[in-house]
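A.B. asks: Once you've had a glance at the structure underneath, I'll fire off some questions.
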Amino acid sequence: MTDLELTPRRHLGRWVAAVAVLLPLGGLIWAWANAQIDWSVVGEYFTAPTIITGFLHTLLLTAVVMILAILLGVVFAVMRLSANPVTSGVAWLYVWSFRGTPPLLQILLWFNLAIIFPTLGIPGLFHVQTVVAITPFVAATLGLGVNEGAYMTEIIRAGIISVDEGQQEAASALGLSQLQSLRDVILPQAMRVIVPSLGNETIGMLKTTSLVSIIAYSELLNQAQKVYFVNGRVIELLLVAGAWYVIATSVLSTAQYYIERRLGRSLQRVRPRGSVERLIIGVLGRVSARGRGSRRS
């Protein structure tokens, strides 16, 4: 029997694709290497106190905005799923209006609220000057948080819908209220759908906070602008800000990866039964045992 010689298949398309990608990439690297950038300035300001302060303010704003957005998302997602047409209609109107306008516009509206409402409060009880209450941080939080809350509403609603209706029926049969079933049964199972989108929204929000530089809140980009307005090193300071954004998004992406992997493992392996699950199994077991006993008799 004649031995057959195996000839490796030539992947010409892979070589063409590799060249098509590497040539522009090499040109880009060459252009940056020969650009008139003072890298010593980048290194000097990378850990400058003003830049670090702006970076910390960016992280703080991101955290506060996402907390507000999650709270709004849970409330309005439940309202949207309500059988009450008034509450579901108001929730739909919220999502429609705040998703339909740019976040920069909403930031500016909150920041200039004093033009139409000079004071805020309850007549006869207390009031405060709007320009005092709506600081740049408050305007940034409300502008970004309320806008992001509209997106979180749809994300959380999709997670709740993904849970089988039988889970809600079982919780109701055990005497749990709607709030208890939502907290203890529905939302924990909906997290497998919510967490990936929540991670993406958080990463996106970290970068979206750069919009608030327009109202002079001292976040990362605003602090970098203050420096290059003085020394004229525009590109160098923008590169510093960009490097910190990349670092932060890389850390968040890594955290998201491990959270999703852990969540996937917990869904795949056999979990210890909770009190509600044990109670359901016990009730079903007793019903089945009674059925077998009646058939025997």
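Here, each number is a calculation from the coordinates, and none is a lab measurement. Every value quoted in this text rests on a predicted model; they were computed, and no experiment measured them. When we count neighbours, we look across all protein chains shown, and the Cβ atoms used for this are built from the backbone with ideal geometry, even at glycine.
A.B. asks: What whole number of Å gives the distance from the Cα centroid of the range 134-202 to the Cα centroid of the range 36-90?
C.D. replies: Rounded to whole Å, the Cα centres lie 17 Å apart.
A.B. asks: Got the relative contact order for the chain handy, in percent, Cα pairs under 8 Å and 6 or more residues apart?
C.D. replies: 23
A.B. asks: Hey, another quick one. Per the Debye formula with a single identical scatterer at each Cα and no solvent contribution, what log10 I(q)/I(0) holds for the range 88-212 at q = 0.12, 0.17 Å⁻¹?
C.D. replies: Values, matching the q order: -0.64, -0.95.
A.B. asks: Could you go through the range 240-255 in sequence order and give the Karplus-derived ³J(HN,Hα) for each residue, using 6.51 cos²θ - 1.76 cosθ + 1.60 with θ = phi - 60°, rounded to whole Hz, and x for Gly and Pro?
C.D. replies: Values per residue, Gly and Pro as x: 4, 4, x, 5, 5, 4, 5, 4, 5, 5, 5, 5, 5, 5, 5, 4 Hz.
A.B. asks: To the nearest 20 debye, what is the magnitude of the charge dipole of the range 49-265 about its Cα centre, counting +1 on the Cβ of each Lys and Arg and -1 on the Cβ of each Asp and Glu?
C.D. replies: Dipole about the Cα centre, nearest 20: 300 debye.
A.B. asks: Give the shape of the range 1-125 as rounded, prolate or oblate, defined through the alpha-carbon gyration tensor: a ≥ b ≥ c are the square roots of its eigenvalues, a/c under 1.5 means rounded, and otherwise the shape is prolate if a/b is larger than b/c and oblate if not.
C.D. replies: In terms of gyration-tensor shape, oblate.
A.B. asks: Output needed for the range 49-265: three equivalent-ellipsoid semi-axes, defined as square roots of 5 times the C-alpha gyration tensor eigenvalues, in descending order, whole Å.
C.D. replies: Details: eigenvalues 254, 127, 32 Å².
In descending order, the three semi-axes are 36, 25, 13 Å.
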